[in-house]
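Working notes for the structure below.
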Amino acid sequence: MPALGAAPKGGSLAELGDEPGAQARCTIDILVRNLFERTADVGFLATDDVILLAPNGTVLARLADDAPLERSTDPLVAEAIGSHTCRERFAPTDLVADGAPSLLYANRIAQADGRPIGVLVSTCRSTARS
């Protein structure tokens, strides 16, 4: 009998037939994978700030009050405007109050016709000490 977490012989519940032990192991494996993915989702959502910017970098709205930035010159804004996928970068940025290195996720916001109308940026500051 394989250990819990080991891949079952067949790979899916349908392929395992009527073997209850194998079906149980497969079901638990699926549950564990789903819980791990949900944990990763929650970790991603634990951000320091979420910022809505116009295509030119003007700050339209933000959750954090500690960074009175009116317009960002961070190159990630332009990079996100020109991309159809989420952009990610770890670097110093004017999007946080002290300009410290931060993990940034940026995604363009587009109208139905595809024309970009803004960028949504999520910041995660590093807690590592040098």
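Which of the residues belonging to the range 102-111 are under 19 Å from the mean Cα position of the chain (by Cα) and either assigned to a loop (DSSP other than H, G, I, E, B) or surrounded by fewer than 16 Cβ atoms within 10 Å (Cβ to Cβ) (or both)?
First, the residues of the range 102-111 that are under 19 Å from the mean Cα position of the chain (by Cα): 102-110.
Ile109, Ala110, listed by residue number.
Okay, residues lined up against (1) exposed (fewer than 12 other Cβ atoms within 10 Å of the Cβ); (2) modelled with pLDDT of 90 or more; (3) not assigned by TED's automatic domain parsing to the domain that holds Leu52:
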{"site": "Leu63", "(1), (2), (3)": "no, no, no"}
{"site": "Glu70", "(1), (2), (3)": "yes, yes, no"}
{"site": "Val77", "(1), (2), (3)": "no, yes, no"}
{"site": "Ala80", "(1), (2), (3)": "no, yes, no"}
{"site": "Phe90", "(1), (2), (3)": "yes, yes, no"}
{"site": "Leu95", "(1), (2), (3)": "no, yes, no"}
{"site": "Asp113", "(1), (2), (3)": "yes, yes, no"}
{"site": "Val119", "(1), (2), (3)": "no, yes, no"}
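State yes or no: is Ser130 over 18 Å from Asp48 (Cβ atoms), modelled with pLDDT under 95 and not in a helix (DSSP H, G or I)?
Details: over 18 Å from Asp48 (Cβ atoms): yes; modelled with pLDDT under 95: yes; not in a helix (DSSP H, G or I): yes.
Criteria met by Ser130.
The values are calculated or read from the model by the stated rules, or taken from the named source; none is laboratory data. Computed from a prediction, not measured in an experiment: that's the story for all the values here. Positions of Cβ are generated from backbone atoms using ideal geometry, with glycine treated the same way; all protein chains shown enter the neighbour counts.
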